[in-house]
1. Would you check which residues across the range 496-529 are crowded, with 16+ Cβ neighbours inside 10 Å and hydroxyl-bearing (Ser, Thr, Tyr) and list them?
2. In the range 664-696, how many are under 23 Å from Tyr364 (Cα atoms) and charged (D, E, K, R)?
3. Kindly check whether there is at least one residue in the range 482-495 that is surrounded by fewer than 19 Cβ atoms within 10 Å (Cβ to Cβ) and in a loop (DSSP other than H, G, I, E, B).
4. Just give me the residues in the range 514-534 being more than 24 Å from the chain's Cα centre (by Cα) and of a type in the set (Ser, Thr, Tyr), in sequence order.
5. Working only within the range 681-728, note down all residues that are under 28 Å from Asn531 (Cα atoms), β-branched (Val, Ile, Thr) and touching a residue at least 12 places away in the same chain (Cβ under 8 Å).
6. For the range 545-558, check the following and say yes or no: at least one residue is closer than 27 Å to Phe470 by Cβ and open to solvent by less than 10 Å² (accessible area, probe 1.4 Å).
7. Could you please find all residues in the range 156-174 being part of a loop (DSSP other than H, G, I, E, B) and either touching a Gly at 6+ places or on another chain (Cβ under 6 Å) or not aliphatic (A, V, I, L, M) (or both)?
8. Of all residues in the range 14-31, which are open to solvent by 30 Å² or more (accessible area, probe 1.4 Å) and modelled with pLDDT under 95?
Amino acid sequence: MRRISYFFILLGISVCLMVTAGCSKKKHFISDKNYRTQVHEDYLNRTQLAEGRSQALFAGMDTLGVREREAMEFLYAYMPYSDLADYDFAYFLKQVRYAFKAQQEMAWGKEVPEDIFRHFVLPYRVNNENLDTARMYMYEVLKERVKGLTMEEAALEVNHWCHEHVAYRGADARTSAPLATMKTSLGRCGEESTFAVAALRSVGIPARQCYTPRWAHCDDNHAWVEVWVYNPETKAGEWKFLGACEPDPKLNMGWFAEPSSRCMMVHTKAFGRYHGDEEVVKGTAMYSELNLLSHYAPVCKAVVTVTDESGKPKSGAQVRFKLYNYAEYYTLATIKSDEQGKACLTTGLGDLLVWASDGERFGYAKMDTRANKELTIKLDHQVGEEYVENLDIVPPAPSCELTKATDEEQAANGKRIEYEDSVRGAYVATFWCNRERSEWGVKANANITEEQMAEIMRRCEGNYEEIAQFLNRHTEKTDFPLYSYLKSYSDKDMRDITADVLEAHITEPAASSQLSAAVYEKGLLPARVSNEMVRGWRKGLGEAMEREGVKTVNQLIAWVKENVKVDDTGNYYNCPISPMGVYELRHSDAHSRDIFFVAACRSMGIPSYMDNATDQIFVAPDGEWTEVSFAEGGKAEKESDGQSSLTVKLSSNQPIADPQYWKHYTIERYEDGDFVSLDYEDDERVATFPYTLTLKPGYYCLSTGNRDEKGSVRSRLEFFELREGEAKEMEVMIRNLTEGAGDEVVTIDNGFEVIGGMATIEDYAGEKGFIFVSLGDYREPSKHLVKELIEKREQLERWGGMIYLLAPEGVPAMSWDIPGADVAIWRKSLDDPLEKMLVKELGISEPVVYPVVALVKGDGRVTFHSNGYKIGVVEQMLRQL
């Protein structure tokens, strides 16, 4: 009755407010009456869904004016479950007021169309980041800095500010909040672009994060930013791109411009019901996924017709357009076939694997969109078939006219970048890990060694004050395993967690809980469950379970099934809901539900963990691990019950000596008509061959791939069934690259001028030859290359040749400890005679922006070379050493 009554009270207030607003002359936030009515209806539906948090979310709505109320209704109507669950009315109202403040005070505010502002300025969320108060902070910092600038100049200026505070570094998949990224001064591309979009929106510049979910020509992905800028001359606006935290002299410039011309998909999300001009890949009542590929690459419309075994068109089939990357076929888009059995997608000019299924049968085929824009797939396969499929995948060719800047513009921009690097460097120098021990402000601790203390300080970086505050609370000797506890957190956790959250998860030590140390440290000590932001849920969730009368695993399973409604569409940004948020909202995606279950177990003192490779949940109420399933008829079973084992061996005479999971092969399980990769990245269970995994019975695929220096892949798919209780063996078999594949051998002149005379190739090559490396302008592509060189240190040392290394001035190459660096040449890029000769002979355009790698023999033959953004270049080169 309380839920029904509250809904009708809200409905009555809403009707009164709408009548009042209609009679007044106050300006609407949403001018289109039909759209406004739709938003209001969607908002009312959300008030019912979030009734469990009604006081926190909606209690202040009747105090707002027309514009603020409509903006708040728009946000509430379409925000993902994570935000309904974990934030409150005051947070969202402040977001609305600062968005309006920027709209009113920025010179370009009046030029931004209503719908562009609504979808690309007002939304507080960029992607799956944790939320914070970045909009308010950034507005106050940036408002004077952009005063007097045009909208385009302001966008460039904001990006320079972003670069002052954040630079690139690879990290785990959890996306830090913008201010947390700023605190540590480094972030992966997804965090850089989230940071930049937040900054741009804070001053009223429409911005959106753009993703190529997977590159076609190499492994990995990338995110950047598009901004909407108004042109006073044409009196119109347009979307232009920039590299987040990587400022260029102009918009529509960036190191990724050429690689993005080889993409098969670039997309972004638009918050709410969106009616723009872009192609919608996925449209829902809460958001739209937009296809932006035509902004960057040549495109075509791929048309797929799905038929049943008899050749009759099959409607309602799920058609997945897949791209090879990270040893799997990643789904770029899923489209349901229409009444004629057709599904269409705008994509690039390259190879895709198109996969179709109707829930019972499946079919697939390679599609080369350069040659054929139409494809027919017959659903002629069924689960359980065992066979091998070989596919050769060729990516699109680069085709991009790059925006140019004058030498003067480049020079001026370079000076600014150098200054911004120094600003950021000065800030990083203040981190305690970069100071003497006496300056750390951390007391001597009886629970950890000085070496362990140094490791902790290194991991926390800019978050040192929070970590120090926590450590200084626990200096006296205790049985609690303090070091093991801190080790259970990821590096990113250590960079953004608070002292109070760390304190909230202190538990009774293993001896007191009568658990083995192994069970305790795996299932009770950690606060982290999966990829969520760690919050201080342990005490509050334990009290909540006590109020609910939940004391055992079986009671908790029953309570979750009865009280938590699972909906995998409502939390569409895939930012995990906090355990307390799941409890209060009672709506969740399956992954957040599972995190909640593990957290609830731990809050009751029951060891539990999630296997993040397989998404299985385990509990150990009696000290032995038992699996828990929420599937229909699911029950708690001992880990060994109903399980099968897969022993994975390495086939002899492989072209890759030490295949790595995700890089060269994956194991995939068939689920709901598609194969889903098991996530064993950096997992000790698959570190060395042979190894044995305990898996659920089912239909599986072992996928392997070998990519050449041009980006083409020789792929192998082996489909097999793993029966209940079966112990099966499989071999990782990687196909050889085609004989003669790769670039033709180029021979360069033996002699060239150097300072003080002449030099010869033999001077550098000796008997082994040498590796030439130019880091170009040292942005993200070059940083990936340096990381690969460091990772392959052991192989390079065995080879024993010299590395001729070039980089821009100021890059600390000598600290990288790359083999051969003690004899490497270190000069300013573009001034080097060998580089000039190689660039000319290899046909590389100047200036050298992207990294260049070449393997040069003593007689001048270049037997391997690479230019541009590519992942895995060093490994490809090492195959020839």
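1. Those that are crowded, with 16+ Cβ neighbours inside 10 Å and hydroxyl-bearing (Ser, Thr, Tyr): Thr498, Thr507, Tyr520.
2. Matching residues across the range 664-696 total 5.
3. Checking the range 482-495: at least one residue is surrounded by fewer than 19 Cβ atoms within 10 Å (Cβ to Cβ) and in a loop (DSSP other than H, G, I, E, B).
4. Ser516, Tyr520
5. Val686, Thr692, Thr694, Thr704
6. There is at least one residue in the range 545-558 that is closer than 27 Å to Phe470 by Cβ and open to solvent by less than 10 Å² (accessible area, probe 1.4 Å).
7. Residues of the range 156-174 that are part of a loop (DSSP other than H, G, I, E, B), as a first pass: 166, 169-174.
Answer for the range 156-174, where residues must be part of a loop (DSSP other than H, G, I, E, B) and either touching a Gly at 6+ places or on another chain (Cβ under 6 Å) or not aliphatic (A, V, I, L, M) (or both): Val166, Arg169, Gly170, Asp172, Arg174.
8. Answer for the range 14-31, where residues must be open to solvent by 30 Å² or more (accessible area, probe 1.4 Å) and modelled with pLDDT under 95: Val15, Cys16, Leu17, Met18, Val19, Thr20, Gly22, Cys23, Ser24, Lys25, Lys26, Lys27.
The values are calculated or read from the model by the stated rules, or taken from the named source; none is laboratory data. Computed from a predicted model, the values in this text were never measured in an experiment. We place every Cβ from the backbone using ideal geometry, glycine too, and count neighbours over all the protein chains shown. Side chains are part of the model used for accessible areas, which takes the heavy atoms of the whole protein and leaves out ligands, DNA and RNA. Shrake-Rupley method; radii C 1.70, N 1.55, O 1.52, S 1.80 Å.
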